[in-house]
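Heads up, the thing below is written out as structure tokens.
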Ligand SMILES: [Zn+2]
């Protein structure tokens, strides 16, 4: 690989506001003994603080925050033996998803072994396909799958414009151009990844076994994936036929409406980590909301299901839902 990853670089302003948020969240977590979920504030843990008291030492270590290597997240980092690269970029995707063992005791019996948090990016065509896998019973992060996706029916000029507008401001347009593959290529790679975790009934287009997708809203699986399948001329795979809309679970569990990820995070005092609208970061943030909800005793259930006979029809299974 000739280019050096300029991955998810945060501006000093964002970094410092993230740091402030996580600092106040740590203070909250410490002062709030009722809620012992110390979702170890990820920005401070990102600073590689080894101190048992992160608040005391982390300020001097702000400059040690590392952007995630987005070649690595896609299995394409060719610099894993380069100390300078490892010093500059984070290659530990568990960061920000650590859990407090005490909270696991409150997790209720679940219908699934694994939950796959999916948060697509791209309005015209899918540009990013990130999945974060969480163990539903222990709340632990298990693995992730991440690909940047190249549009199928767009001129090169339009792609350049689209990517500059979407990822340029995050500084990840170069890694996008260097790694993106078509949706048609992503699907079999994703299926191999799922098969490796024994999540599929059969390797090709089977339904999920003991697992369910978790999305923030219905858009990803109700609208975007079928649209992209049509544009890319592939059949809608069976594993995308049903999903859990976390906002509907949230509404029915906490009895309050949340319009999006940021609202849920704000209400649950979980600081936002990374770049909002970078799919892999949003998926991790949604996964952290999911972990908190599991710790609070929420039970994950399918909220929407596509009819196998007429796949264009989606049935919503909760009476109270976000419309
Ligand atoms: Zn790397």
Original post:
Length gain on complete extension for the stretch residue 100 to residue 158, per 0.36 nm per residue less the alpha carbon to alpha carbon distance?
Top reply: 16.3 nm
**OP:** Quick one, can you get me the convex hull of the C-alpha atoms of the range 171-215 expressed as volume per residue in Å³?
**Re:** 106
**OP:** Using only alpha carbon positions, build the gyration tensor of the range 137-250, then give the equivalent ellipsoid semi-axes as the square roots of 5 times its eigenvalues, largest first, whole angstrom.
**Re:** 27, 17, 15
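Using only alpha carbon pairs under 8 Å that are at least six residues apart, calculate the relative contact order of the range 186-235 and give it in whole percent.
19
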Original post:
Any idea what diffusion coefficient the range 245-323 gets from Stokes-Einstein, in µm²/s, Kirkwood Rh on alpha carbon pairs, 4 °C, 1.567 mPa s?
Top reply: 95
**OP:** Distance between Cα centroids, the range 65-125 to the range 240-283: provide it in whole Å.
**Re:** 17
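Throughout, read-outs are computed from the coordinates displayed, never taken from laboratory work. Small disclaimer: the values here were computed from a predicted structure and weren't measured.
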